[in-house]
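The values are calculated or read from the model by the stated rules, or taken from the named source; none is laboratory data. Values in this document were obtained by computation on a predicted structure and should not be read as measured data. All Cβ positions, glycine included, derive from the backbone under ideal geometry; neighbour counts span all protein chains shown.
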Amino acid sequence: MTMDTPAQLNSAQLNLARRLARPELLELQPYESARRIGGRGDIWINANESPFNNSRLDRVNRYPECQPPELISAYSQYSGVCADNIIAGRGADEAIELLIRTFCVPGVDSIACFGPTYGMYAISARTFNVGVNALSLTTSYQLPEDIMAQVGSAKLVFICNPNNPTGTVIDRGSIEAVVAGLPDRLVIVDEAYIEFCPDYSVAELIEKYDNLVVLRTLSKAFALAGARCGFLLAKAPTCEMVMRVIAPYPVPLPVSELACAALSENGIALMREQVAELKVNGERLTDTLRSCGAKVLSANGNFVLAEFDEPKAVTARLTQAGIVARTYSDPRLSNCIRFSFSNKEETDYLIEQLSQ
Ligand code: PMP
C-alpha cells in the first residue's frame with residue numbers, strides 16, 4: 001500500500017481521517033520495521049533474523065512484507081478495489097479491532113451497531129473501554145428509519161451485510177443513504193458473507209465516499225478460516241491512519257501464499273462452485289426446517305437461522321446425533337438455532353435427523 005504523505009491527500013479526505021483519528025496518532029511516527037525500511041544488498045543482517053531456513057517453505061526464516069504486494073494486488077483484482085484502498089490483516093476481526101483502536105478514544109468515544117448482529121463489534125469496543133450504542137434492526141431486519149438520530153455521537157457505525165446471525169440483507173440504496181447521511185462518521189459495512197450474495201456489495205462505493213469502510217474475509221466462501229486473512233477496504237487516508245496502528249507483520253508468509261492461491265483464477269472459480277453447492281444444500285436444509293414447523297429467515301449467507309417452538313428439544317436431538325449447531329444467549333434469539341450450510345453428505349445426515 002502506498003503511504004501517502006498528508007500533503008498528497010486532498011483536504012476533505014485529510015480532514016475526515018485526521019478529524020476522526022485518536023489525536024495522539026496524528027503525531028505518532030509509525031514503527032519502522034527493518035522490512036519496511038528495506039535496503040539494497042546480498043547480505044541481510046538488519047532484522048535479527050536467522051540465516052537458516054529449516055522449512056520447506058521458501059524464505060520463512062525472513063520477516064514477511066507488512067502488506068505483501070502480490071496479496072494486495074490479487075485482492076484488488078478480485079474485488080475491483082484499487083490497491084491503495086486495501087489493507088490485509090488477520091481476518092475481519094483484526095480489522096474491527098484496528099478501526100476501534102485507530103478512531104475511538106477510550107472512555108470518550110462510542111460505536112453503534114444494529115442487533116441482533118455479530119458480537120465482536122461490541123466486544124472489541126468494550127475491551128478498549130469504548131462505548132457501545134447497541135441499536136436494533138427493525139422487525140424486518142432493516143436499518144431503523146431514524147438511524148441518523150439513533151446513532152447519537154457514535155464515531156463508528158457498523159452494519160453487517162448479510163447480517164450474522166439472521167442471514168438477512170439490507171439493500172445497497174439503504175446503505176448508501178446512511179453513508180451519505182453520516183459524512184462525519186465512518187460507516188463500516190461488514191461483508192464477511194458477501195460472496196453468497198455479491199449483488200449487495202457496496203465496495204465500489206469506496207471511491208465515492210470518504211467515510212465508507214468495507215470489511216472482507218477469506219474465512220467463509222474462500223474456505224480459509226484457519227489461515228486468518230481478511231481485508232479492510234477504504235479510502236487511502238483512512239488506510240493510512242489504520243496503518244499507524246497495525247502490527248509490523250500482520251500477514252504471515254504461509255498465509256499470504258494460501259491467500260494468493262485462493263484468489264487466483266482457479267481459486268476464485270473453485271470458490272464460486274463451492275458457493276453454488278453450499279446454496280443448494282442450504283435450500284434443502286431450509287425446506288426441511290420449514291417442514292419441521294420452524295420459522296426460517298431468508299438466508300443470504302452460508303447459514304440459516306431457524307426459530308423453533310421447542311428449541312431445547314431440537315438441540316437435544318441434534319446433540320444426540322453428534323451435530324453441533326449454534327444457539328444464543330441473546331433473549332431475542334433464545335428460540336433460534338443457526339445452521340451453517342455444509343456439503344451434501346453432512347446435509348443429508350442433518351436432514352435425516354431433523355426429519356425424524
Ligand atoms: N464478520 C462477521 C459478520 C463474521 O460472522 C465473522 C466470523 N464469524 C467475522 C467478521 C470474522 O471473520 P474473520 O474470520 O475474517 O476474522
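List of remarks:
- Hits in segment 201-225 - residues which are part of a helix (DSSP H, G or I), more than 16 Å from the ligand (Cβ to nearest atom) and under 21 Å from Asn163 (Cβ atoms): Glu204, Leu205, Ile206
- Selection within segment 155-196 - in a loop (DSSP other than H, G, I, E, B) and within 27 Å of Asp84 (Cβ to Cβ): Lys155, Asn161, Leu182, Pro183, Asp184, Arg185, Glu191, Ala192, Tyr193
- On the stretch given as segment 247-268, residues that are within 19 Å of the chain's Cα centre (by Cα) and part of a helix (DSSP H, G or I) total 7.
- Residue in segment 276-286 that is over 22 Å from Tyr200 (Cβ atoms) and not assigned by TED's automatic domain parsing to the domain that holds Pro69 present: yes
- Tallying residues that are over 12 Å from the mean Cα position of the chain (by Cα) and assigned to a loop (DSSP other than H, G, I, E, B) within segment 226-236 yields 3.
- Helices (runs of 4 or more DSSP H) fully within segment 33-118 that include at least 3 residues being within 16 Å of the ligand (Cβ to nearest atom) and of a type in the set (Phe, Trp, Tyr): none found.
- From the options Asn61, Asn48, residue that is over 30 Å from Ala192 (Cβ atoms), of a type outside the set (Gly, Ala, Ser) and surrounded by 14 or more Cβ atoms within 10 Å (Cβ to Cβ): Asn61
- Qualifying residue in segment 155-165 (condition: more than 11 Å from the ligand (Cβ to nearest atom) and either among the polar types (S, T, N, Q) or in the same structural domain as Val304 (by TED's automatic domain parsing) (or both)): no
- For the criterion of being assigned to a helix (DSSP H, G or I) and in contact (Cβ under 8 Å) with a residue 12 or more places away in the chain, Ala125 passes.
- In the set (1) surrounded by fewer than 18 Cβ atoms within 10 Å (Cβ to Cβ); (2) in contact with an Asp or Glu (Cβ under 8 Å, 6 or more places away or on another chain); (3) in a helix (DSSP H, G or I), Met271 fails one condition alone, (1).
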